[in-house]
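Novice: Sharing a structure with you now.
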Ligand code: G16
Ligand code: MG
């Protein structure tokens, strides 16, 4: 076990809620329908443009490409306004301690997010320097469940995928990690993240060593 790859939204910070608020505002104000929190679950880990396509299909609305681009930009403006209000207090429980212990144990750390806002968010909440590599939406061409984001992370760290562990809150993200040939830790509910190797509600009171005993008992 030599590297950890962390998703951003829903693992390090709860920005999934801000994505939902911004998409919901777009659906309400511009598209003429509402989206539920349950539907939002299917957008987790999905890129901005694909999320808009799924929302349009969900509401039975079709738009030309220029309007789609304008609406994706508008949603992002609203999203950025929301995330700019975040502070270090928004970092999810146990993350700071878990990252510090990971570094102390000599395990490499990468971010694997499809968000184009990932780097400014990490800077904003003051934990950018905890990462040895950042793979975000500006570096990839395929969103999750494609394994590209995690394979690039392993490559940038110089670690074999079989020695990597992915931390994910999204079904699409767990699938991306498995397709990359990595172990997966689901953050959320076991009934939702059924394919993850293990599932926890958060990383509070958990250590890399406990994880190694579960996922790599032979090491
Ligand atoms: C995240 C979210 C998705 C969002 C995507 C793109 O992925 O889970 O809901 O649509 O990023 O974000 P942006 O519009 O900021 O580029 P991840 O991989 O961090 O969970
Ligand atoms: Mg996520």
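Novice: Just to be sure before I move on: is residue 139 part of a loop (DSSP other than H, G, I, E, B) and buried (at least 20 other Cβ atoms within 10 Å of the Cβ) in the structure I sent?
Specialist: No: the conditions fail for residue 139.
Novice: Right, another one. Looking at the range 60-77, which of its residues are assigned to a helix (DSSP H, G or I), more than 11 Å from ligand 1 (Cβ to nearest atom) and surrounded by 14 or more Cβ atoms within 10 Å (Cβ to Cβ)?
Specialist: Across the range 60-77, the qualifying residues are 68, 71, 74.
Novice: Could you tell me whether residue 114 is buried (at least 24 other Cβ atoms within 10 Å of the Cβ) and over 26 Å from residue 76 (Cβ atoms)?
Specialist: When the stated conditions are applied, residue 114 does not pass them.
Novice: Sticking with this one: Residue pairs, Cβ under 8 Å, 6 or more apart or interchain, first in the range 13-28 and within 26 Å of residue 112 (Cβ to Cβ), second part of a strand (DSSP E or B) and modelled with pLDDT under 95. List them.
Specialist: 15/9; 16/9; 19/9
Novice: Taking only the range 149-160 into account, find how many residues are crowded, with 20+ Cβ neighbours inside 10 Å and either assigned by TED's automatic domain parsing to the domain that holds residue 50 or without any contact (Cβ under 8 Å) to a residue 60 or more places away in the chain (or both).
Specialist: Going through the range 149-160 one residue at a time, the tally reaches 2.
Novice: Still on this structure: Can you find a residue in the range 109-122 that is more than 25 Å from residue 51 (Cα to Cα) and not in a strand (DSSP E or B)?
Specialist: no
Novice: Any residue in the range 168-183 that is at pLDDT 95 or above, in a strand (DSSP E or B) and within 11 Å of ligand 1 (Cβ to nearest atom)?
Specialist: Taking every residue of the range 168-183 in turn, at least one turns out to be at pLDDT 95 or above, in a strand (DSSP E or B) and within 11 Å of ligand 1 (Cβ to nearest atom).
Novice: Further question: For the range 68-91, does any single residue satisfy the condition of being modelled with pLDDT of 95 or more, out of contact with any helix residue (DSSP H, G or I) (no Cβ under 6 Å at 6 or more places or on another chain) and under 19 Å from residue 167 (Cβ atoms)?
Specialist: yes
Novice: Now a separate question. Run residue 184 past the list (1) crowded, with 23+ Cβ neighbours inside 10 Å; (2) under 30 Å from residue 73 (Cβ atoms) and report the number of the one that doesn't hold.
Specialist: For residue 184, the exception is condition (2).
Novice: Among the residues of the range 34-48, how many are surrounded by 12 or more Cβ atoms within 10 Å (Cβ to Cβ) and in contact with a helix residue (DSSP H, G or I) (Cβ under 9 Å, 6 or more places away or on another chain)?
Specialist: So the count comes out to 10.
Novice: Now, a different point. Just need a number here: residues in the range 110-124 that are farther than 18 Å from residue 89 by Cα and more than 10 Å from ligand 2 (Cβ to nearest atom).
Specialist: 4
Novice: Okay, next question. Restricting to the range 1-49, name every residue that is in a loop (DSSP other than H, G, I, E, B) and more than 10 Å from ligand 1 (Cβ to nearest atom).
Specialist: Scanning the range 1-49 gives 1, 2, 14, 32, 33, 34, 35, 36.
Novice: On to the next question. Which of (1) within 10 Å of ligand 1 (Cβ to nearest atom); (2) within 17 Å of the chain's Cα centre (by Cα) does residue 52 not meet, given it meets every other one?
Specialist: (2)
Novice: Residues in the range 173-183: is at least one over 11 Å from the mean Cα position of the chain (by Cα), more than 21 Å from residue 142 (Cα to Cα) and in the same structural domain as residue 146 (by TED's automatic domain parsing)?
Specialist: no
The values are calculated or read from the model by the stated rules, or taken from the named source; none is laboratory data. Note that this is a predicted model, so its numbers are computed, not measured. No Cβ is skipped: glycine too gets one built from the backbone with ideal geometry, and neighbour counts run over all protein chains shown.
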